[in-house]
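Take a look at the structure below.
Rule-based calculations on the coordinates, nothing more; no lab input. No experiment lies behind these values; they were computed from the predicted model shown. In this analysis, Cβ positions are derived from the backbone assuming ideal geometry, glycine residues included, and neighbour counts consider all displayed protein chains.
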Amino acid sequence: MKQKIRKWLAISMVMASLSCFSACEEHKHSYADGWLYDDTYHWRIATCGDIEIGLKSEHNFLDNKCTLCGYVKDGPVSPDNPVNPDYPDNPDNPDNPDNPDTPENPDNPDDPDTPDNPDTPDNPDNPGWEEGEPEQGADGLTYTLSLDFDEPGYSVSAGKSTSGSVVIPSTYKTLPVIKIGDNAFAGSSISSITIPNSVTAIGYAAFSNCKSLTSITIPDSVTLVDTQAFEECSSLREIHLPENLEAIYYKTFYNCRSLQKLTIPDKVTTIGRYVFYGCSALTELTVGKSVNSFGEMNFIYCNSLNRVNVTDLDAWCKISFNGTLSNPLYVAHNLYFHDEPVTEVTFPSDLEDISNCVFIGCHTLKKVTFSDSIKSIGFDAFDSCKNLTDVNFGNSQMKTFADQVFLNCTSLKSIVLPDSLEDMGRGVFDGCRVLSKVVLGKNITTIGMYTFKDCDSLKEICYKGSEEDWKKIGIHGLWLGEIRGEPKEMPIRYNYQGEE
């Protein structure tokens, strides 16, 4: 009997497998419209969740762009290029909900709607947000009791006080008012507000879209101004930031189109993304000595900005910039230290890597001296420094130039590159139209595409190695570039020893 049962079970399993196989044979896949891709392949995903290997194939490039999926290989930042920050599937795109830095991303700890956000009432682990019921004060403001800060106190919001001048009291029912709540006055018609020294925090979007607010002084007791706090305050002309502030977050002054000057306090270390986007009246920005990073896309449409002041020039040299439009110099062009234009820079001796875009567009800069500690220069570091004439590498043991380091340095006439240099990126001297002499050390192993594109005055390359050494160098594409579309040949002087 047991043998019959086993035999029946075996037959049933075989029949089920054949049935499943037959169903799969009859199933016809349908595919999503968009392509997925990496550097080598593109493919589509079946709507049933399967991956059809037959649709996975290598890119077919024409002018560095795949003719089928649109992927751009080593291409410029453009809407067609998936490395473009504006590309919807790019994880760095602020509008992509999967971007961990995007407020709309449900996993983003900075998202005010995220339960794990320590500044969110929904976070059960947040000791500062076990709030009581909101209650209306005699002054028309709404107060919410919070018992679990270092000291108990109240969070305040607009309530019925939605226009004119608002004065926030320092206490309510004998307890201090310690925070301006999330969205507290958002969209209201207040024209001015007085904040007491008891307040230590300004919440998410607290004053966003306050179109009538013209000026505000934040007391030094405040240590936190949350994301989008003054977004779209289109009439805001003046704001004093507190000296104890440590960061300026995402879209804090987004589209504050009347803001004219701003000083970033010395304790601020981080400037987030899109902070000054659309500040079209901003003319002057002062950067404190502790800032170590600027987020991306900060100075789009800041067309009036013409002056950047720094309180510590060495500290400026160490800032990390996330792209060209994260640096105010890209727009302002003029850098000042102690009210004097910065014409010379000597990089600090404890710095090893020069940041991307650190002096991009700086028209005051004429001379640069690199310390012996420098090992690499980031992309666009001196891009469009149109008055730069003197570059001194000294005894630097630098090994790497990223792309476009001296792009469009239109006053640079000659340069002696360090003997230690091994790798040069693309377009390093592209557009240096008066550059007539370049000396290369014999340790160079890679020269990128368009290195000397549109170098009209360059007559020869002085190379310290032999002709045989030269032939071993990895030269990519039109390394000597072209002059306004016409290919250019360049003689090489081998075994150069420094003679004229």
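Where both bridge residues fall in the range 343-500, DSSP classifies roughly 5% of the beta bridges as antiparallel. Note on ASP39/LYS399: beta-carbon distance plugged into 1/(1 + (r/R0)^6) with R0 of 25 Å gives a FRET efficiency of 0.50.
Dipole magnitude for the range 343-500: about 300 debye, using +1 per Lys or Arg Cβ and -1 per Asp or Glu Cβ, origin at the Cα centre.
Peptides 158-164, 375-381, 170-176, 314-320 ranked from most to least packed by the mean count of surrounding Cβ atoms within 10 Å: 375-381, 314-320, 158-164, 170-176. In this label model, LYS173 and LYS413 are separated by 7.7 nm, measuring between points 7 Å along each Cα→Cβ vector. Among beta bridges identified by DSSP and lying wholly in the range 165-252, the antiparallel ones come to about 15 percent. Once the chain from LYS437 to SER235 is taken as fully extended at 0.36 nm per residue, the excess over their C-alpha distance is 67.5 nm.
With R₀ fixed at 45 Å, the C-beta to C-beta distance from SER57 to SER163 puts the FRET efficiency at about 0.10. Counting only residues at least eight positions apart within a chain, or on another chain, the lysines with an alpha carbon under 22 Å from that of LYS73 are LYS56, LYS65, LYS453. Proximity of backbone amide H atoms, modeled 1.01 Å from N, is registered between ASN309 and LEU285, THR286, VAL287, TYR336 at under 5 Å, excluding neighbours fewer than 5 places apart on the same chain. Both radii come from the Cα set of the range 343-500: Rg as radius of gyration, Rh as Kirkwood radius; their ratio Rg/Rh reads 0.94.
Among the listed pairs LYS211/LYS261; LYS318/LYS413; LYS251/LYS375; LYS413/LYS464, a Cα-Cα separation exceeding 23 Å is found for LYS318/LYS413; LYS251/LYS375.
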